[in-house]
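K.L.:
The structure that follows is given in the form of structure tokens.
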Amino acid sequence: MIESGALPRVLIIDDDTSLLESYMVLLEDEFQVYTAETGEAGLELLRREDVHMALLDVRLPGIDGLEVLRRIKVLDENIDVIMITADRNMRIAVDAIKLGAYDYIVKPFEIDDILSLLRRTMEHQSLLREVLYLRAEVDSRHEMGNVVGRSAKMRQIYDLVTRVADTNATVLVNGESGVGKELIARAIHQQSQRRANPFVAVNCAAISEHLVESELFGHERGAFTGAVEMHRGKFELAHTGTLFLDEVGSLRVDLQAKLLRVIQEREFERVGGSKTIRVDVRIVAASNQDLRQMVAERTFRDDLFYRLNVVPIHVPPLRERREDIPLLAQHFLVKYNKAFGRQVQGLTPEALTILTHYHWPGNVRELENIIGRLVAISRHRVLEAEDMPLDLQSVRSQMAEDILATGADLRQARAEFERHYILQTLDQCGWNQTETAKRLGIHRNTLLTKLDLLHIRPLSPLE
């Protein structure tokens with residue numbers, strides 16, 4: 001992981017000595033640069049040094065660049081490699097991408113081109129390493145599975161899950177549709193002593209109201225038309241484990257009474273049966289409705305509500321934790337690259353700005369669906385603003401209209417967009433300038449210069 005305040009480390013492998021010297025001079029302000037004139041020397045250096053990125057010429061003495069690329073990926077698959085070639089033959093580029101190259105650039109190129117590419121690569125590195133770090137931290141400390149987020153609200157949820165998981169307390173998870181309530185329930189189960197036993201999920205709203213009782217409690221053969229054999233319900237299947245009751249507010253009032261009895265007595269009878277069945281089940285319920293309001297309206301039993309609401313966990317909508325969006329987007333990129341066999345590496349700053357400004361009525365589920373769709377159909381290795389669906393494009397249009405209304409020329413508009421993006425990133429990083437510079441893919445000194453040019457004044461302790 002790139003330490004706070006440290007320069008990203010880039011290895012340049014090229015047999016042109018004068019070009020290597022030029023790279024050193026041009027990149028030393030933003031990167032810690034290592035150089036090698038042969039593939040063998042570069043690989044030997046990689047065995048000694050922790051390098052984040054590599055610029056690799058295709059044509060090298062000895063082993064060629066593609067073979068060096070293959071060996072780099074064997075040494076450390078997380079090193080992003082940019083291939084340099086003077087050959088415009090697309091077959092070389094395709095072969096490099098298949099071997100795991102992050103990108104390629106064709107000679108001759110401007111220094112701004114290579115700087116832009118390295119900065120974008122560094123941004124990808126930061127996001128990827130952050131995902132890996134968070135996943136490792138979550139697995140070792142919280143066992144939160146696929147729950148992703150580092151916002152203050154999500155960290156409070158992690159802490160609450162950790163404290164309640166090893167008890168048998170009933171938990172009520174509430175939040176809008178798509179925020180990840182089932183993931184929280186699974187995290188509670190995985191961190192509990194019941195983790196080796198069943199986790200059974202049932203969406204109460206997705207089952208016909210005539211079949212809900214049978215699905216929950218089972219039925220005996222002949223209990224009703226079509227009951228040709230005995231059926232064990234979800235409570236029996238979840239014995240010694242965890243039963244997740246999603247959208248519990250959709251249950252009929254008569255079934256609410258039966259559910260209350262099971263929670264209290266830990267026993268029930270199958271539909272059409274008289275045998276008492278005892279179960280040891282931990283209940284985690286969830287709802288996207290306001291159960292307190294439903295109690296006031298007498299559509300949900302107050303005694304059942306208080307039995308379920310022993311430990312309440314509220315999962316905030318995505319629009320209230322926008323700082324989690326870049327991390328979630330990268331998490332889903334990794335997931336769907338693997339699922340679809342793609343190598344989409346990241347998002348441009350403008351694309352990320354669009355994602356963070358969209359209101360996300362479908363929450364995390366909508367974000368996942370969009371990233372999955374873009375990975376499946378995108379022709380680019382980096383997702384751009386133009387790749388976003390039309391409903392997200394409206395965010396970009398609104399931003400443009402806001403700037404246009406000021407009468408700004410192109411230079412002023414570009415500065416306003418840059419100012420807006422920097423301010424947003426500063427807010428996400430708690431105005432930590434080192435962290436902000438790392439997130440933006442620029443040196444801290446460059447950030448300080450931009451803050452001065454764009455008249456962005458750091459917050460004082462009294463503000």
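K.L.:
Taking only region 366-387 into account, find how many residues are within 29 Å of GLY175 (Cα to Cα) and surrounded by fewer than 15 Cβ atoms within 10 Å (Cβ to Cβ).
P.N.:
Here the count works out to 2.
K.L.:
Let me confirm something: among THR446, THR434, THR406, which residue is surrounded by fewer than 17 Cβ atoms within 10 Å (Cβ to Cβ), part of a helix (DSSP H, G or I) and at pLDDT below 80? Talk me through it step by step, then tell me what you get.
P.N.:
Working: THR434 fails: at pLDDT below 80; THR406 fails: part of a helix (DSSP H, G or I).
Testing whether each residue is surrounded by fewer than 17 Cβ atoms within 10 Å (Cβ to Cβ), part of a helix (DSSP H, G or I) and at pLDDT below 80 leaves just THR446.
K.L.:
Right, here's the next one. Can you say whether PHE305 is among the aromatic types (Phe, Trp, Tyr), more than 30 Å from LEU118 (Cα to Cα), in a helix (DSSP H, G or I) and not assigned by TED's automatic domain parsing to the domain that holds GLU418, as far as the supplied structure shows? Spell out how you get there, then give the answer.
P.N.:
Working: among the aromatic types (Phe, Trp, Tyr): yes; more than 30 Å from LEU118 (Cα to Cα): yes; in a helix (DSSP H, G or I): yes; not assigned by TED's automatic domain parsing to the domain that holds GLU418: yes.
Answer is yes for this residue.
K.L.:
When you scan region 193-214, how many residues do you find that are in contact with a strand residue (DSSP E or B) (Cβ under 7 Å, 6 or more places away or on another chain) and within 21 Å of VAL171 (Cα to Cα)?
P.N.:
7
K.L.:
Moving to a separate point now. Considering only region 296-333, state which residues are crowded, with 17+ Cβ neighbours inside 10 Å and of a type in the set (A, V, I, L, M). Walk me through it before giving the result.
P.N.:
Initially, region 296-333 is screened for residues crowded, with 17+ Cβ neighbours inside 10 Å, giving 300-301, 304-305, 307-308, 311, 313, 315-318, 321-333.
LEU304, LEU308, VAL311, ILE313, VAL315, LEU318, ILE325, LEU327, LEU328, ALA329, LEU333, listed by residue number.
K.L.:
How about region 78-92: which of its residues are under 14 Å from GLN345 (Cβ atoms) and crowded, with 19+ Cβ neighbours inside 10 Å?
P.N.:
ILE79, ASP80, VAL81, ILE82, MET83, listed by residue number.
K.L.:
Every residue in region 347-374 that is within 24 Å of TYR104 (Cα to Cα), modelled with pLDDT under 85 and in contact with a Phe, Trp or Tyr (Cβ under 9 Å, 6 or more places away or on another chain), please.
P.N.:
Hits for region 347-374 are PRO349, GLU350, LEU352.
K.L.:
While we're on this one: Among the residues of region 345-365, which ones are part of a loop (DSSP other than H, G, I, E, B) and surrounded by fewer than 21 Cβ atoms within 10 Å (Cβ to Cβ)?
P.N.:
THR348, HIS359, PRO361, GLY362
K.L.:
Now, a different point. Could you tell me whether ASP87 is modelled with pLDDT under 85, more than 28 Å from CYS429 (Cα to Cα) and not basic (Lys, Arg)?
P.N.:
Working: modelled with pLDDT under 85: yes; more than 28 Å from CYS429 (Cα to Cα): yes; not basic (Lys, Arg): yes.
Yes; evaluated as a whole, the condition is true for this residue.
Yes/no matrix, rows are residues, columns are (1) in contact (Cβ under 8 Å) with a residue 40 or more places away in the chain; (2) more than 15 Å from ALA205 (Cβ to Cβ); (3) not aliphatic (A, V, I, L, M):
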| residue | (1), (2), (3) |
| --- | --- |
| GLY233 | no, yes, yes |
| LEU245 | yes, no, no |
| SER250 | yes, no, yes |
| ALA257 | yes, yes, no |
| PHE268 | yes, yes, yes |
| THR276 | no, yes, yes |
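K.L.:
Scan region 375-393 for residues that are among the hydroxyl-bearing types (Ser, Thr, Tyr) and either assigned by TED's automatic domain parsing to the domain that holds VAL94 or in contact (Cβ under 8 Å) with a residue 60 or more places away in the chain (or both) and report the count.
P.N.:
Going residue by residue through region 375-393, those that are among the hydroxyl-bearing types (Ser, Thr, Tyr) are 378.
Cutting the leftovers down to either assigned by TED's automatic domain parsing to the domain that holds VAL94 or in contact (Cβ under 8 Å) with a residue 60 or more places away in the chain (or both) gives us none.
Counting residues in region 375-393 that are among the hydroxyl-bearing types (Ser, Thr, Tyr) and either assigned by TED's automatic domain parsing to the domain that holds VAL94 or in contact (Cβ under 8 Å) with a residue 60 or more places away in the chain (or both) gives 0.
K.L.:
Got at least one residue in region 59-81 being modelled with pLDDT of 90 or more, touching a Pro at 6+ places or on another chain (Cβ under 7 Å) and among the β-branched types (Val, Ile, Thr)?
P.N.:
No: region 59-81 contains no residue that is modelled with pLDDT of 90 or more, touching a Pro at 6+ places or on another chain (Cβ under 7 Å) and among the β-branched types (Val, Ile, Thr).
K.L.:
State yes or no: is ALA185 surrounded by fewer than 20 Cβ atoms within 10 Å (Cβ to Cβ), of a type in the set (A, V, I, L, M), in contact with a strand residue (DSSP E or B) (Cβ under 6 Å, 6 or more places away or on another chain) and in contact (Cβ under 8 Å) with a residue 24 or more places away in the chain?
P.N.:
When the stated conditions are applied, ALA185 does not pass them.
The values are calculated or read from the model by the stated rules, or taken from the named source; none is laboratory data. All values reported here derive from a predicted model rather than from experimental measurement. Ideal geometry is used to build each Cβ from the backbone, glycine not excepted, and the neighbour counts take in all protein chains shown.
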